[in-house]
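I'd like to ask you about the structure that follows.
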Amino acid sequence: MTQTNETQQAFYDTHGHGPVTADDVCLVVDREVADDAIAERFAGVDLLPDYVAEAGRRLYLWRGSERVSEGEFMAAARRLTSGPSRDEDRARTLATMRSLARDGFELNAMLKDEDGFDADASVMEHFHVEVRPAATGIEGVVDYVATYQIPACAYLQYLWDGCEAMSGPPFNADAYVLPTDREDGYDLICGWSGCQAGGRMEYAVRNATDDEEGRRHFLRMLAKFLLDVHLHDVRIVTYGGGTMVPAATHAVAALWVRLTESLGTAHVGTCRVCGKPFVATNERRWKTRYCQANGACAKAYARTKVVLGGIADGKSFDEAVAETRNIGASRVIEIVRRNRHILREEYPQLDLDQILRE
Ligand SMILES: [Zn+2]
């Protein structure tokens with residue numbers, strides 16, 4: 001067996017389903033891909049550790065180690081079995097896996113984009129970030145808080161463990177998981193396994209400035225947090241006497257190991273026209289800005305620039321669109337909205353906001 005195979009095996013291949021690849025990462029985060037296709041790709045794969053079995057084990061240890069009445073034991077056991085069914089849990093875990101991986105992918109790709117980005121209100125909203133008055137009451141600063149609603153499923157326990165592993169407030173940052181209904185599901189014995197109402201994860205950075213710099217600082221911290229919280233139970237194994245390889249024991253962690261690895265070794269981006277995610281590993285594609293859909297997106301971008309050129313020459317928006325073949329007004333507006341920060345530099349004489357109001 002070659003070393004490559006060994007390292008791939010260490011990565012996640014305990015049930016013969018093959019390692020999670022960079023293509024899998026793109027598949028999972030692509031909004032155009034149906035949930036059924038993801039369920040099929042991960043059919044039979046352990047998505048997360050079996051927390052229900054673990055809670056059951058703890059429950060029996062608790063019964064044996066303390067003077068626990070039969071009534072107390074039965075109540076805890078009922079709570080454990082009152083959570084979602086295995087099928088429900090799996091569907092919710094997959095949906096949560098997709099939405100968090102999408103945020104992690106898009107946010108990290110945006111931060112790495114050489115063309116830059118606007119840290120404006122729409123970006124903050126896209127990544128579920130709220131600006132709140134500073135909890136410390138200090139004047140002139142704010143708290144940034146990203147909130148993720150998580151349905152009742154094993155993912156809650158996973159994120160809880162991840163936030164606990166990062167406990168302690170470095171750099172004024174704070175991560176925690178809270179039950180949606182404080183009475184529901186969560187206790188020391190059963191953990192989140194019996195949860196019925198779901199919960200939410202929050203990541204907060206306190207006492208930051210309420211301006212572009214503060215927003216950028218928070219987005220960088222959030223990008224790091226999303227990676228770190230998902231890598232908390234990844235082990236390191238070695239090959240060839242000195243090569244360290246991350247070893248994930250379940251698919252969610254494997255997905256994030258591969259995403260993190262792709263960020264470090266490949267060009268990770270989203271198409272500047274349609275938003276489709278891609279991971280380009282060879283050098284020719286390193287500089288690519290488009291998905292690989294027959295060059296259609298590259299052409300749409302070029303046509304949008306022809307329209308903008310026409311407006312710069314004094315034509316009205318409608319005239320410029322009418323004179324450019326194979327592109328409609330709504331498509332032009334969509335592409336301008338997505339690439340406003342780039343086009344603003346290229347066409348300083350145009351009022352792009354005016355075009356976006358068309
Ligand atoms: Zn595209």
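The values are calculated or read from the model by the stated rules, or taken from the named source; none is laboratory data. These numbers come from a predicted model, not from an experiment. Positions of Cβ are backbone-derived with ideal geometry, glycine not excepted, and every protein chain shown enters the neighbour counts.
Just checking, how many residues over the stretch 103-121 are of a type outside the set (A, V, I, L, M, F, W, C), closer than 13 Å to Leu219 by Cβ and more than 17 Å from the chain's Cα centre (by Cα)?
The number of residues fulfilling the criteria is 3.
Please work out which one of (1) of a type in the set (Phe, Trp, Tyr); (2) buried (at least 20 other Cβ atoms within 10 Å of the Cβ); (3) not in a helix (DSSP H, G or I) is the condition Phe105 fails and give its number.
(3)
May I pose another question? Can you say whether Lys287 is within 16 Å of the ligand (Cβ to nearest atom), outside the structural domain of Tyr158 (by TED's automatic domain parsing) and within 15 Å of the chain's Cα centre (by Cα), as far as the supplied structure shows?
Taking the combined requirement at face value, the residue does not satisfy it.
Looking only at the stretch 70-94, filter to residues that are among the polar types (S, T, N, Q) and at pLDDT 90 or above; which one of those is farthest from the chain's Cα centre (by Cα)?
Looking at residues that are among the polar types (S, T, N, Q) and at pLDDT 90 or above, I get Ser85.
Given (1) among the hydrophobic types (A, V, I, L, M, F, W, C); (2) in a helix (DSSP H, G or I); (3) within 15 Å of the ligand (Cβ to nearest atom), identify the lone condition not met by Ala320.
Every listed condition holds for Ala320 apart from (3).
State whether the residues of the stretch 295-302 include one that is more than 18 Å from Arg102 (Cα to Cα), charged (D, E, K, R) and within 14 Å of the ligand (Cβ to nearest atom).
yes
Just to be sure before I move on: is Ile355 more than 16 Å from the ligand (Cβ to nearest atom), closer than 29 Å to Lys112 by Cβ and aliphatic (A, V, I, L, M) in the structure I sent?
Taking the combined requirement at face value, the residue satisfies it.
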